[in-house]
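Written out below as C-alpha coordinates is the structure these notes cover.
The values are calculated or read from the model by the stated rules, or taken from the named source; none is laboratory data. Since we're looking at a predicted model, the values are computed, not measured. All Cβ positions, glycine included, derive from the backbone under ideal geometry; neighbour counts span all protein chains shown.
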Amino acid sequence: MTSIDLSAYLARIDYRGPTAPTLDTLRALHQAHLYAVPFENLDIRLGRPIILEPDRLFAKVIGARRGGFCYELNGLFAELLSGLGFTVERLAARVWDGQRYGGELDHMTLRVHLDEPFLADVGFGESFRQPLRWVDGLEQPQTPGRSYRLVHQGELWRYESLDAEDGWVPQYLVSPKPLALAEFQPGCDFQQYSPDSHFRHGRLCTLARPDGRITLRDDRLIETRDGAKTESSIGGEGAFQAALKEHFGVDLG
(Lines give C-alpha, C1' and ligand atoms only; values in the text may rest on other atoms or scores of the structure.)
Protein backbone atom coordinates (compact mmCIF):
# COMPACT_ATOMS: atom_id res chain seq x y z
CA MET A 1 0.00 0.00 0.00
CA THR A 2 1.34 3.41 -0.92
CA SER A 3 1.98 6.23 1.53
CA ILE A 4 1.41 9.08 -0.93
CA ASP A 5 -1.49 11.52 -0.61
CA LEU A 6 -4.12 10.00 -2.88
CA SER A 7 -6.51 12.96 -2.60
CA ALA A 8 -3.80 15.38 -3.74
CA TYR A 9 -2.94 13.08 -6.65
CA LEU A 10 -6.57 12.87 -7.76
CA ALA A 11 -6.89 16.65 -7.53
CA ARG A 12 -3.72 17.05 -9.64
CA ILE A 13 -5.29 15.06 -12.48
CA ASP A 14 -8.68 16.73 -11.95
CA TYR A 15 -10.36 13.40 -11.23
CA ARG A 16 -13.63 13.40 -9.26
CA GLY A 17 -15.12 10.05 -10.25
CA PRO A 18 -15.40 6.68 -8.49
CA THR A 19 -12.22 5.20 -7.05
CA ALA A 20 -13.21 1.54 -6.63
CA PRO A 21 -10.67 -0.71 -8.41
CA THR A 22 -12.76 -1.46 -11.50
CA LEU A 23 -12.08 -1.31 -15.23
CA ASP A 24 -14.19 1.83 -15.62
CA THR A 25 -12.15 3.55 -12.90
CA LEU A 26 -8.86 2.45 -14.47
CA ARG A 27 -9.92 3.80 -17.86
CA ALA A 28 -11.05 7.11 -16.40
CA LEU A 29 -7.90 7.58 -14.31
CA HIS A 30 -5.64 6.69 -17.23
CA GLN A 31 -7.28 9.22 -19.53
CA ALA A 32 -7.43 11.93 -16.86
CA HIS A 33 -3.71 11.49 -16.20
CA LEU A 34 -2.82 11.88 -19.87
CA TYR A 35 -4.88 15.07 -20.13
CA ALA A 36 -3.39 16.65 -16.99
CA VAL A 37 0.26 15.59 -16.66
CA PRO A 38 2.67 16.34 -19.52
CA PHE A 39 5.39 14.08 -20.82
CA GLU A 40 8.59 16.14 -20.58
CA ASN A 41 12.37 15.92 -20.26
CA LEU A 42 13.03 19.39 -18.84
CA ASP A 43 14.86 18.31 -15.67
CA ILE A 44 17.30 16.29 -17.77
CA ARG A 45 18.12 19.37 -19.81
CA LEU A 46 18.50 21.38 -16.58
CA GLY A 47 20.83 18.82 -15.03
CA ARG A 48 18.47 18.07 -12.14
CA PRO A 49 18.89 14.45 -10.98
CA ILE A 50 15.86 12.15 -11.26
CA ILE A 51 15.76 9.68 -8.36
CA LEU A 52 13.13 6.95 -8.50
CA GLU A 53 11.67 7.24 -5.01
CA PRO A 54 7.90 7.70 -4.55
CA ASP A 55 8.21 10.76 -2.30
CA ARG A 56 10.54 12.53 -4.75
CA LEU A 57 8.30 11.75 -7.71
CA PHE A 58 5.23 12.90 -5.81
CA ALA A 59 6.90 16.18 -4.82
CA LYS A 60 7.74 16.92 -8.45
CA VAL A 61 4.68 15.75 -10.37
CA ILE A 62 1.98 16.45 -7.78
CA GLY A 63 3.48 19.06 -5.46
CA ALA A 64 5.26 21.13 -8.10
CA ARG A 65 2.67 20.31 -10.82
CA ARG A 66 5.32 19.13 -13.24
CA GLY A 67 5.45 16.32 -15.77
CA GLY A 68 8.16 13.77 -16.41
CA PHE A 69 9.09 10.77 -18.50
CA CYS A 70 8.18 7.09 -18.27
CA TYR A 71 9.97 6.11 -15.07
CA GLU A 72 8.48 9.06 -13.23
CA LEU A 73 4.96 9.05 -14.65
CA ASN A 74 4.31 5.31 -14.74
CA GLY A 75 6.28 4.83 -11.55
CA LEU A 76 4.03 7.28 -9.74
CA PHE A 77 0.81 6.16 -11.46
CA ALA A 78 1.50 2.66 -10.14
CA GLU A 79 1.57 4.15 -6.63
CA LEU A 80 -1.83 5.75 -7.19
CA LEU A 81 -3.37 2.57 -8.55
CA SER A 82 -1.93 0.47 -5.75
CA GLY A 83 -3.21 2.93 -3.16
CA LEU A 84 -6.71 2.67 -4.62
CA GLY A 85 -6.67 -1.13 -4.37
CA PHE A 86 -5.58 -2.15 -7.87
CA THR A 87 -3.08 -4.94 -8.42
CA VAL A 88 -0.41 -3.34 -10.59
CA GLU A 89 3.08 -4.38 -11.74
CA ARG A 90 5.90 -2.32 -13.22
CA LEU A 91 7.35 -3.96 -16.33
CA ALA A 92 10.46 -3.21 -18.37
CA ALA A 93 10.17 -2.58 -22.09
CA ARG A 94 12.56 -2.03 -25.01
CA VAL A 95 11.47 0.83 -27.29
CA TRP A 96 11.61 0.43 -31.10
CA ASP A 97 13.39 3.41 -32.70
CA GLY A 98 12.61 2.48 -36.31
CA GLN A 99 15.68 0.28 -36.70
CA ARG A 100 16.28 -1.57 -33.44
CA TYR A 101 15.02 -2.05 -29.90
CA GLY A 102 16.65 -0.27 -26.97
CA GLY A 103 18.09 -1.79 -23.81
CA GLU A 104 16.22 -3.94 -21.32
CA LEU A 105 15.31 -1.00 -19.03
CA ASP A 106 14.64 1.42 -21.88
CA HIS A 107 11.05 2.07 -20.76
CA MET A 108 8.72 1.40 -17.85
CA THR A 109 5.15 0.34 -18.53
CA LEU A 110 2.43 -1.20 -16.33
CA ARG A 111 0.31 -4.33 -16.16
CA VAL A 112 -2.90 -4.00 -14.17
CA HIS A 113 -4.77 -7.12 -13.09
CA LEU A 114 -8.57 -7.09 -13.00
CA ASP A 115 -10.67 -9.99 -14.29
CA GLU A 116 -8.01 -10.04 -17.01
CA PRO A 117 -4.70 -8.16 -17.38
CA PHE A 118 -4.43 -4.75 -19.04
CA LEU A 119 -1.50 -2.73 -20.38
CA ALA A 120 -1.47 0.78 -18.91
CA ASP A 121 1.01 3.50 -19.87
CA VAL A 122 0.81 7.21 -19.04
CA GLY A 123 4.47 7.83 -19.89
CA PHE A 124 4.96 7.14 -23.59
CA GLY A 125 3.98 10.41 -25.23
CA GLU A 126 1.65 9.86 -28.20
CA SER A 127 0.02 6.52 -27.41
CA PHE A 128 -3.22 4.83 -26.38
CA ARG A 129 -5.58 6.90 -24.24
CA GLN A 130 -7.15 3.97 -22.39
CA PRO A 131 -5.56 0.70 -21.18
CA LEU A 132 -5.29 -2.17 -23.64
CA ARG A 133 -6.61 -5.66 -23.05
CA TRP A 134 -3.68 -8.06 -22.77
CA VAL A 135 -4.90 -10.34 -25.58
CA ASP A 136 -2.69 -11.69 -28.35
CA GLY A 137 -3.34 -10.00 -31.71
CA LEU A 138 -6.60 -8.27 -30.78
CA GLU A 139 -7.02 -4.97 -32.66
CA GLN A 140 -8.27 -2.32 -30.22
CA PRO A 141 -9.55 0.89 -31.86
CA GLN A 142 -9.54 4.09 -29.81
CA THR A 143 -10.25 7.73 -30.42
CA PRO A 144 -8.92 9.81 -32.02
CA GLY A 145 -8.88 7.32 -34.90
CA ARG A 146 -6.04 5.00 -33.84
CA SER A 147 -5.82 1.26 -33.29
CA TYR A 148 -3.43 -0.72 -31.10
CA ARG A 149 -2.66 -4.32 -30.23
CA LEU A 150 -0.40 -6.63 -28.25
CA VAL A 151 1.33 -9.53 -30.00
CA HIS A 152 2.95 -12.46 -28.23
CA GLN A 153 6.62 -12.76 -29.25
CA GLY A 154 8.30 -15.69 -27.54
CA GLU A 155 8.55 -14.85 -23.83
CA LEU A 156 7.87 -11.18 -24.57
CA TRP A 157 4.91 -9.09 -25.75
CA ARG A 158 5.10 -6.55 -28.57
CA TYR A 159 2.97 -3.41 -28.36
CA GLU A 160 2.07 -2.04 -31.82
CA SER A 161 0.09 0.84 -33.30
CA LEU A 162 -1.65 0.84 -36.68
CA ASP A 163 -0.39 3.38 -39.18
CA ALA A 164 -2.47 4.26 -42.26
CA GLU A 165 0.57 3.94 -44.57
CA ASP A 166 2.93 1.52 -42.82
CA GLY A 167 0.48 -0.90 -41.23
CA TRP A 168 1.28 -2.31 -37.80
CA VAL A 169 4.34 -0.56 -36.39
CA PRO A 170 6.21 -1.87 -33.33
CA GLN A 171 6.40 0.52 -30.38
CA TYR A 172 8.06 -1.56 -27.67
CA LEU A 173 8.74 -5.08 -26.41
CA VAL A 174 7.51 -5.85 -22.89
CA SER A 175 9.04 -8.36 -20.49
CA PRO A 176 6.39 -10.04 -18.30
CA LYS A 177 8.65 -10.07 -15.21
CA PRO A 178 7.57 -7.49 -12.59
CA LEU A 179 10.28 -5.18 -11.23
CA ALA A 180 10.48 -2.87 -8.25
CA LEU A 181 10.63 0.88 -8.87
CA ALA A 182 14.27 1.10 -7.75
CA GLU A 183 15.30 -1.57 -10.27
CA PHE A 184 14.61 0.93 -13.06
CA GLN A 185 17.18 3.43 -11.74
CA PRO A 186 19.98 2.20 -14.09
CA GLY A 187 17.71 2.74 -17.10
CA CYS A 188 16.65 6.13 -15.78
CA ASP A 189 20.31 7.07 -15.24
CA PHE A 190 21.20 6.09 -18.80
CA GLN A 191 18.39 8.23 -20.19
CA GLN A 192 19.34 11.28 -18.14
CA TYR A 193 23.15 11.08 -18.31
CA SER A 194 24.28 9.17 -21.41
CA PRO A 195 25.17 11.18 -24.54
CA ASP A 196 23.46 8.37 -26.47
CA SER A 197 20.10 9.18 -24.87
CA HIS A 198 17.76 11.14 -27.13
CA PHE A 199 16.31 12.79 -24.01
CA ARG A 200 19.54 14.81 -23.74
CA HIS A 201 19.08 16.34 -27.18
CA GLY A 202 16.44 19.05 -27.26
CA ARG A 203 13.65 20.08 -24.88
CA LEU A 204 10.22 18.51 -25.05
CA CYS A 205 6.91 19.01 -23.27
CA THR A 206 3.78 17.39 -24.69
CA LEU A 207 0.23 16.85 -23.47
CA ALA A 208 -2.73 14.91 -24.85
CA ARG A 209 -6.02 16.71 -25.40
CA PRO A 210 -9.47 15.25 -26.07
CA ASP A 211 -9.27 16.56 -29.67
CA GLY A 212 -5.55 16.04 -30.26
CA ARG A 213 -2.24 17.09 -28.67
CA ILE A 214 -0.10 20.12 -27.90
CA THR A 215 3.70 19.92 -27.97
CA LEU A 216 6.50 22.37 -27.20
CA ARG A 217 9.68 21.12 -28.84
CA ASP A 218 12.63 23.50 -28.52
CA ASP A 219 11.52 26.65 -30.34
CA ARG A 220 8.37 25.18 -31.94
CA LEU A 221 4.82 25.01 -30.58
CA ILE A 222 2.87 22.26 -32.36
CA GLU A 223 -0.89 21.85 -31.96
CA THR A 224 -3.07 19.11 -33.43
CA ARG A 225 -6.84 19.48 -33.32
CA ASP A 226 -9.16 17.00 -35.02
CA GLY A 227 -6.30 15.87 -37.26
CA ALA A 228 -5.25 19.38 -38.36
CA LYS A 229 -1.71 20.38 -37.33
CA THR A 230 -0.40 23.91 -36.87
CA GLU A 231 3.12 25.03 -35.92
CA SER A 232 4.41 28.34 -34.66
CA SER A 233 7.82 29.62 -33.65
CA ILE A 234 8.70 30.36 -30.03
CA GLY A 235 11.34 33.08 -29.90
CA GLY A 236 13.77 33.14 -26.99
CA GLU A 237 13.97 31.68 -23.49
CA GLY A 238 11.40 34.04 -22.05
CA ALA A 239 8.84 32.97 -24.65
CA PHE A 240 9.67 29.31 -24.02
CA GLN A 241 9.05 29.70 -20.29
CA ALA A 242 5.83 31.62 -20.94
CA ALA A 243 4.58 28.88 -23.30
CA LEU A 244 5.35 26.22 -20.69
CA LYS A 245 3.24 28.04 -18.13
CA GLU A 246 0.38 28.97 -20.48
CA HIS A 247 -0.11 25.64 -22.23
CA PHE A 248 1.14 23.10 -19.68
CA GLY A 249 0.94 24.84 -16.32
CA VAL A 250 4.67 24.18 -15.85
CA ASP A 251 6.85 26.57 -13.87
CA LEU A 252 10.48 25.47 -13.72
CA GLY A 253 11.21 27.73 -10.75
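Answer yes or no as to whether Glu237 is modelled with pLDDT under 95 and outside any strand (DSSP E or B).
yes
Residue-wise test of (1) under 20 Å from Glu126 (Cα atoms); (2) polar (S, T, N, Q).
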site: Asp55; (1), (2): no, no
site: Ile62; (1), (2): no, no
site: Arg65; (1), (2): no, no
site: Gly68; (1), (2): yes, no
site: Leu73; (1), (2): yes, no
site: Leu76; (1), (2): yes, no
site: Ser82; (1), (2): no, yes
site: Val88; (1), (2): no, no
site: Asp97; (1), (2): yes, no
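Which residue pairs have Cβ atoms closer than 7 Å, lie 6 or more positions apart in sequence or on different chains, and pair a first residue in region 206-228 that is farther than 16 Å from Val250 by Cα with a second residue that is surrounded by 17 or more Cβ atoms within 10 Å (Cβ to Cβ) and of a type in the set (Lys, Arg)?
Final answer for the pair search is Thr224/Arg213.
Going through region 46-83 one residue at a time, which ones are within 16 Å of Ala180 (Cβ to Cβ), part of a helix (DSSP H, G or I) and of a type outside the set (D, E, K, R)?
Result: Pro54, Leu57, Cys70, Tyr71, Asn74, Gly75, Leu76, Phe77, Ala78, Leu81, Ser82.
Quick one: would you say Arg90 is under 26 Å from Gly103 (Cβ atoms), crowded, with 23+ Cβ neighbours inside 10 Å, basic (Lys, Arg) and under 17 Å from the mean Cα position of the chain (by Cα)?
Answer is no for this residue.
Answer yes or no as to whether Arg111 is among the basic types (Lys, Arg), out of contact with any His (no Cβ under 7 Å at 6 or more places or on another chain) and farther than 21 Å from Tyr9 by Cα.
No: the conditions fail for Arg111.
So which residues in region 127-148 are surrounded by 14 or more Cβ atoms within 10 Å (Cβ to Cβ), touching a Lys or Arg at 6+ places or on another chain (Cβ under 8 Å) and assigned to a loop (DSSP other than H, G, I, E, B)?
Scanning region 127-148 gives Phe128, Gln130, Pro131, Trp134.
Might you check whether a residue that is part of a loop (DSSP other than H, G, I, E, B), surrounded by 15 or more Cβ atoms within 10 Å (Cβ to Cβ), within 17 Å of the chain's Cα centre (by Cα) and of a type in the set (Gly, Ala, Ser) occurs anywhere in region 105-125?
Yes, region 105-125 contains at least one residue that is part of a loop (DSSP other than H, G, I, E, B), surrounded by 15 or more Cβ atoms within 10 Å (Cβ to Cβ), within 17 Å of the chain's Cα centre (by Cα) and of a type in the set (Gly, Ala, Ser).
Can you name every residue in region 11-33 that is within 29 Å of Thr215 (Cβ to Cβ) and either touching a Leu at 6+ places or on another chain (Cβ under 8 Å) or outside any helix (DSSP H, G or I) (or both)?
Ile13, Asp14, Tyr15, Arg16, Gly17, Thr25, Leu26, Leu29, His33 - these are the residues of region 11-33 that are within 29 Å of Thr215 (Cβ to Cβ) and either touching a Leu at 6+ places or on another chain (Cβ under 8 Å) or outside any helix (DSSP H, G or I) (or both).
Test of understanding: among Val151, Val250, Val174, which residue is in a strand (DSSP E or B), in contact (Cβ under 8 Å) with a residue 40 or more places away in the chain, β-branched (Val, Ile, Thr) and surrounded by 11 or more Cβ atoms within 10 Å (Cβ to Cβ)? Walk me through how you get there before you give the answer.
Working: Val151 fails: in contact (Cβ under 8 Å) with a residue 40 or more places away in the chain; Val250 fails: in a strand (DSSP E or B).
Within the list Val151, Val250, Val174, the selection yields Val174.
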